[in-house]
Amino acid sequence: MRIGIINFHGSYNYGSLLLTYALQRKIKEKGHDVKIINYLSLKQRNQYNLPIIVSRNPIKRFIERLFWIPYIKNMKIKYKKFDSFRDSYLNMTKEYYDYDELKSIDSSFDILISGSDQIWNLSCQDFSWAYYLTFCKKAKKVSYAPSMGPKINRLNDENKTRVINALNDYEYISVRDSNTQSFVESLIDIKPEIVLDPTMLLTKEEWSNLSGNTPLIQGKYIFYYDPFDHKEGFRMAQKYGKEKGIKVITSNVYQAFYQPLSSFNHKLDSGPIDFLNLIRFADICIGRSYHLAVFCILFHKKFIIVNGEFDERIKELYKMFQINNYENNKLIIPDSLMVDSILTDERIKSDNYMNKFLNIT
């Protein structure tokens, strides 16, 4: 069958791109013709424009631009690596920049999939109704593990009606977390299945093969990753590195004015494969990222998710993998045997769901 997947594949976010790769790969392995809908909305393109400026005050914005000067070159290299990964590993349609353009692809697919991440979160800066497949009138509609976000905000009447109408048009619905599951059930009285984030469909060995066997960084190091550079995580990584006497590597700059205060080693030219490598060979990982936690669990790495007990997505991961002692930013050491056993069982459940929707006639 001809399968189309739509999600945040065009963002310069490690998790979004790697989960797209994993979902496409698993469906392709089942013998189907899979393409990623290459939808690149204006909102998403604007979100990742360099330099990333967070201040609203004109004077502060000017100062931020000055702080960005040392980092722009390597961040541009990072973006090129993302583009190269997409070109090398994803089978994509032509580019679509406007929602209305997507209506022309409806007859090109037998099934269209809303394919994971926070694509159903109306609060996301790059949200589009395209991720609810509202442009589709002919192909069968399916969801695989989308999320409405860590905290589901109350919808106004208009958006609530639009979401209900969109969900009622799906043949099969699965979600990534219990928050989204409960919210969908409250809207349409159907309890969707919870399935694995696509990154967890691939094994440690499969991700290791992609990451390469040579460490990018020699010796012991802490890998710090927070897409938004929250101050608490930033300071914790810096303090932890100083106490342990080991270097801190970061692959990200968001709030550039923090960086002159840090002792981090910046590896800002890191693309998706580099990201996997930096986690795989790290001594400890610290940050605030759902997919940082996922890959630490997959690679059996020690990690700290800063204030993870306040993020429902992270708490759900901890529950799945029977991680109990995580409050107050305690170091987590995954039980590798338990992790692999749980993943084996959960992959079977997710695979069974995938087989169901792929047998639509």
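Only one of 26, 94 is out of contact with any helix residue (DSSP H, G or I) (no Cβ under 6 Å at 6 or more places or on another chain) and among the basic types (Lys, Arg); which? Exactly one residue qualifies, and that residue is 94.
Within the range 172-198, the residues that satisfy the criterion of being touching a residue at least 12 places away in the same chain (Cβ under 8 Å) and either among the hydrophobic types (A, V, I, L, M, F, W, C) or surrounded by fewer than 16 Cβ atoms within 10 Å (Cβ to Cβ) (or both) are 173, 175, 178, 183, 184, 187, 188, 190, 194, 195, 196. Residue check: residue 214 meets all listed conditions (1) surrounded by 19 or more Cβ atoms within 10 Å (Cβ to Cβ); (2) more than 26 Å from residue 63 (Cα to Cα) but one, namely (1).
Would you pick out the residues in the range 49-96 that are farther than 27 Å from residue 264 by Cα and either among the polar types (S, T, N, Q) or surrounded by 13 or more Cβ atoms within 10 Å (Cβ to Cβ) (or both)? Once the filter is applied, which keeps residues that are farther than 27 Å from residue 264 by Cα and either among the polar types (S, T, N, Q) or surrounded by 13 or more Cβ atoms within 10 Å (Cβ to Cβ) (or both), the range 49-96 yields 57, 86, 88, 89, 90, 91, 92, 93, 96.
Within the range 121-136, the residues that satisfy the criterion of being part of a loop (DSSP other than H, G, I, E, B), closer than 12 Å to residue 162 by Cα and of a type in the set (A, V, I, L, M, F, W, C) are 122, 133. Restricting attention to the range 234-276, the residues that are part of a strand (DSSP E or B) and within 22 Å of the chain's Cα centre (by Cα) add up to 3.
Among the residues of the range 317-331, none is identified as hydrophobic (A, V, I, L, M, F, W, C) and in contact (Cβ under 8 Å) with a residue 60 or more places away in the chain. Can you name the number of the only condition in (1) touching a strand residue (DSSP E or B) at 6+ places or on another chain (Cβ under 6 Å); (2) surrounded by 15 or more Cβ atoms within 10 Å (Cβ to Cβ); (3) touching a residue at least 24 places away in the same chain (Cβ under 8 Å) that residue 169 fails? Failing condition for residue 169: (2). Please give the helices (runs of 4 or more DSSP H) falling wholly within the range 1-112 in which 1 or more residues are in the same structural domain as residue 173 (by TED's automatic domain parsing) and at pLDDT below 95. Passing ranges, in order: 42-47.
Listed here are the residues, each with its yes/no results for (1) charged (D, E, K, R); (2) surrounded by 14 or more Cβ atoms within 10 Å (Cβ to Cβ); (3) in the same structural domain as residue 114 (by TED's automatic domain parsing).
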{"site": "219", "(1), (2), (3)": "no, no, no"}
{"site": "226", "(1), (2), (3)": "yes, yes, no"}
{"site": "234", "(1), (2), (3)": "no, yes, no"}
{"site": "256", "(1), (2), (3)": "no, yes, no"}
{"site": "272", "(1), (2), (3)": "no, yes, no"}
{"site": "275", "(1), (2), (3)": "no, yes, no"}
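The number of residues in the range 192-225 being part of a loop (DSSP other than H, G, I, E, B), in contact with a Ser or Thr (Cβ under 8 Å, 6 or more places away or on another chain) and under 25 Å from residue 343 (Cα atoms) comes to 4. For the range 282-305, filtering for residues that are more than 22 Å from residue 201 (Cβ to Cβ), part of a strand (DSSP E or B) and under 17 Å from the mean Cα position of the chain (by Cα) leaves 2.
The test for being of a type in the set (Ser, Thr, Tyr) and in contact with an Asp or Glu (Cβ under 8 Å, 6 or more places away or on another chain) does not hold for residue 128.
Return yes or no: is residue 279 under 21 Å from residue 248 (Cβ atoms), in contact with a helix residue (DSSP H, G or I) (Cβ under 7 Å, 6 or more places away or on another chain) and not in a helix (DSSP H, G or I)? In short, no. Of all residues in the range 306-361, those being surrounded by fewer than 11 Cβ atoms within 10 Å (Cβ to Cβ) and either within 12 Å of residue 293 (Cβ to Cβ) or of a type in the set (Val, Ile, Thr) (or both) number 3.
Is it the case, given these coordinates, that residue 125 is polar (S, T, N, Q) and out of contact with any Pro (no Cβ under 9 Å at 6 or more places or on another chain)? So residue 125 fits the description; yes. Restricting attention to the range 305-316, the residues that are in contact (Cβ under 8 Å) with a residue 40 or more places away in the chain and farther than 17 Å from residue 339 by Cβ add up to 5.
The values are calculated or read from the model by the stated rules, or taken from the named source; none is laboratory data. All of these numbers come straight from a predicted model, not from anything done at the bench. Positions of Cβ are generated from backbone atoms using ideal geometry, with glycine treated the same way; all protein chains shown enter the neighbour counts.
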